[in-house]
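Enquirer: Starting off with a structure, shown below.
The values are calculated or read from the model by the stated rules, or taken from the named source; none is laboratory data. No experiment lies behind these values; they were computed from the predicted model shown. Here the Cβ is made from the backbone with ideal geometry for all residues, glycine too, and neighbour counts use every protein chain on show.
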Amino acid sequence: MGATVTTHDDHALLDGGPGPMGATYGKLMMWFFILSDALTFSGFLAAYGFSRFKFIGTWPIADEVFTHFPFLHGVDAPMYYVALMTFILIFSSVTMVLAVDAGHHLKKGKVAFYMFFTIIGGLIFLGSQAWEWKNFIKGEYGAVETKGGSILQFGKVDKEGKFERVALADFALVLPEEREQLTRNEGVWFMEESSLPSFSVNEVVEGFKAKNDLVILTEEIHDKEKVALNRTQSLARINDAKYVVEGANLVRNEYGHKLFANFFFFITGFHGFHVFTGVLINIIIFFNVILGTYEKRRSYEMVEKVGLYWHFVDLVWVFVFTFFYLV
Amino acid sequence: MEHAHESNTKRIWIVFGLLSVITTVEVALGIIKPDFLFRGHFLSTSILNWIFIILTLVKAYYIMWAFMHLEGEKASLRWSVVAPLIFLILYLCFIVLVEGDYIYEVYKNGHLEWIF
């Protein structure tokens, strides 16, 4: 009968308690909300796993996609940045749990202090994610898509036999041709297109043919690495080019399979949205702490409840980090 | 609420240290990619991937137990949250990943090329 015995606890009344399983109803509901939200994220990550297993032979390699670090231009720095983001989020989780701990001792000043740093940590994380998205959308090297929907990247083999990527801008020719962007008020009625790539397919193809050391890097993975074609094969393959792809959008991306960018935007976006709402809720609770709402209540359980949500956001990031960047 | 008046600050910092160390190890392994782990194969993925997954689960355990304070809750609450998660996620991963691998085989051995 443990679940129905209620100890007399005045403050619990304002937090929706006492309830079953030794917790207040408020806290229980937060736990079960987290449970369902965790299953939502599991669904997304499992779907990512499904698509990845389905296209395991051609899936983009994360190390080759996320290589940027602030102020280090042109330096190949895989994973350092997301590792930094992970630390930021874990640290803001620590300040959150310190705030909860201070709440147990009814130390208003300390709770406010730690909550403030939690909010700052959340904002830094959101800024970092915006930067990550910016790099992902902008792209680095550019690629072409073939008639069959496969992505061809370019590069050359240097003297030591190491493969090195080459950007479209480094070899595409400028040809005397003009292609006007289709907008709603020109050409066919009510048809428009997004901005045109910097080069036409023809300019890329001619530029490729003109430089003898360039070869094509295919999507195929052999022995954990993308397969590069030799020059003869490359010259034959380049004729399949249909689109020039720069950066990433929801239709196509220069990194490889189309689903890769879709999952990236969707999963990190949904997680970022959770961080954003977490920051908002933290701000509300922060002001309540400052105003003394919980001081009057003699209970900081609200801080504990938003804390649960905040840790959950951190927990999800741990998994996103593993399955998007490491595995 | 037996945990209400004792301070957990020390434990919090220890857990933070643990999580940081695990993350650092993960990133280091991800960058170095030791050959025998990276190319070693175990249960349809590399040994390195299994290490990442296990370390992630360890991190998840510490976040849920220490930060979300499941260790201080009653066993009934703990299990009603953790058991559905473990069961449903394992089940989902099992059916979805096996199916994904099956479709990969179909694409690979079929007579139609899908992406070329």
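Enquirer: Across region A:94-117, what is the number of residues that are of a type outside the set (A, V, I, L, M, F, W, C), more than 8 Å from chain B (Cβ to nearest Cβ) and farther than 16 Å from B:ILE63 by Cα?
Expert: So the answer is 6.
Enquirer: Which numbered condition in (1) within 8 Å of another protein chain (Cβ to nearest Cβ); (2) outside any helix (DSSP H, G or I) is the only one that B:HIS111 fails?
Expert: (1)
Enquirer: Let me ask you something else. Considering only strands (runs of 3 or more DSSP E) fully contained in region A:199-252, which possess at least 3 residues that are crowded, with 17+ Cβ neighbours inside 10 Å?
Expert: A:215-222, A:241-245
Enquirer: Could you tell me which residue of region A:302-327 is nearest to A:LEU35 (Cα to Cα), considering only residues that are among the charged types (D, E, K, R) and at the interface with chain B (Cβ under 9 Å from one of its Cβ atoms)?
Expert: This residue is A:ASP314.
Enquirer: Would you mind telling me which numbered condition in (1) at pLDDT 90 or above; (2) under 20 Å from A:TYR25 (Cα atoms) A:TYR294 fails?
Expert: Of the numbered conditions (1) at pLDDT 90 or above; (2) under 20 Å from A:TYR25 (Cα atoms), the odd one out for A:TYR294 is (1).
Enquirer: Please list, ordered by first then second residue, the pairs with beta carbon atoms under 8 Å, 6 or more apart or interchain, first in region A:79-98 and of a type in the set (D, E, K, R), second modelled with pLDDT of 90 or more.
Expert: Between residues of region A:79-98 that are of a type in the set (D, E, K, R) and residues that are modelled with pLDDT of 90 or more, there is no close pair.
Enquirer: Residues of region B:15-67 being part of a loop (DSSP other than H, G, I, E, B) and either on the phi > 0 side of the Ramachandran plot or at pLDDT 90 or above (or both), which ones?
Expert: B:LYS33, B:LEU43, B:SER44
Enquirer: Take B:ALA60 and tell me if it is surrounded by 13 or more Cβ atoms within 10 Å (Cβ to Cβ), within 28 Å of A:ALA102 (Cβ to Cβ) and of a type in the set (A, V, I, L, M, F, W, C).
Expert: Yes; evaluated as a whole, the condition is true for this residue.
Enquirer: Continuing with this model, one more query. Based on this model, can you work out whether B:LYS33 counts as surrounded by 13 or more Cβ atoms within 10 Å (Cβ to Cβ), more than 7 Å from every other protein chain (Cβ to nearest Cβ) and of a type in the set (Lys, Arg)?
Expert: When the stated conditions are applied, B:LYS33 passes them.
Enquirer: State which residue pairs qualify: first residue touching a residue at least 40 places away in the same chain (Cβ under 8 Å) and inside region A:160-174, second residue part of a helix (DSSP H, G or I) in any location, beta carbons under 7 Å apart, and separation of 6 or more residues or different chains.
Expert: If the second residue must be part of a helix (DSSP H, G or I), the pairs left are A:LEU168/A:VAL204; A:PHE171/A:GLY207; A:PHE171/A:PHE208.
Enquirer: Sort out which residues of region B:68-79 are within 7 Å of another protein chain (Cβ to nearest Cβ), assigned to a helix (DSSP H, G or I) and crowded, with 16+ Cβ neighbours inside 10 Å, and write them in order of number.
Expert: B:LEU77
Enquirer: Still on this structure, I have one more. Within region A:8-27, take every residue that is part of a helix (DSSP H, G or I) and modelled with pLDDT of 75 or more and give me the one that is surrounded by the most Cβ atoms within 10 Å (Cβ to Cβ).
Expert: Once the filter is applied, the top-ranked residue is A:LYS27.
Enquirer: So which of A:SER200, A:SER194 is in contact with a strand residue (DSSP E or B) (Cβ under 8 Å, 6 or more places away or on another chain), of a type outside the set (A, V, I, L, M, F, W, C) and modelled with pLDDT under 90?
Expert: A:SER200
Enquirer: Here's something else I'd like to know. Which of the residues that make up region A:62-81 are surrounded by 20 or more Cβ atoms within 10 Å (Cβ to Cβ) and either modelled with pLDDT of 95 or more or outside any helix (DSSP H, G or I) (or both)?
Expert: Those that are surrounded by 20 or more Cβ atoms within 10 Å (Cβ to Cβ) and either modelled with pLDDT of 95 or more or outside any helix (DSSP H, G or I) (or both): A:PHE66, A:HIS68, A:PRO78, A:MET79.
Enquirer: Okay, next question. Would you pick out the residues in region A:207-241 that are within 14 Å of A:GLY149 (Cα to Cα) and in contact with a strand residue (DSSP E or B) (Cβ under 6 Å, 6 or more places away or on another chain)?
Expert: Scanning region A:207-241 gives A:THR218, A:GLU219, A:GLU220, A:ARG237, A:ASP240, A:ALA241.
Enquirer: Still on this structure: Would you check which residues across region A:34-61 are in a helix (DSSP H, G or I), in contact (Cβ under 8 Å) with a residue 60 or more places away in the chain and not polar (S, T, N, Q) and list them?
Expert: The answer is A:ILE34, A:ASP37, A:ALA38, A:PHE41, A:PHE44, A:LEU45, A:ALA47, A:TYR48, A:GLY49.
Enquirer: Output the number of residues of region A:144-173 satisfying the condition of being within 19 Å of A:VAL65 (Cα to Cα) and of a type in the set (S, T, N, Q).
Expert: 2
Enquirer: Another one. Which is among the basic types (Lys, Arg), more than 14 Å from chain B (Cβ to nearest Cβ) and within 30 Å of A:ASN249 (Cα to Cα), of A:LYS159, A:LYS138?
Expert: The unique qualifying residue is A:LYS138.
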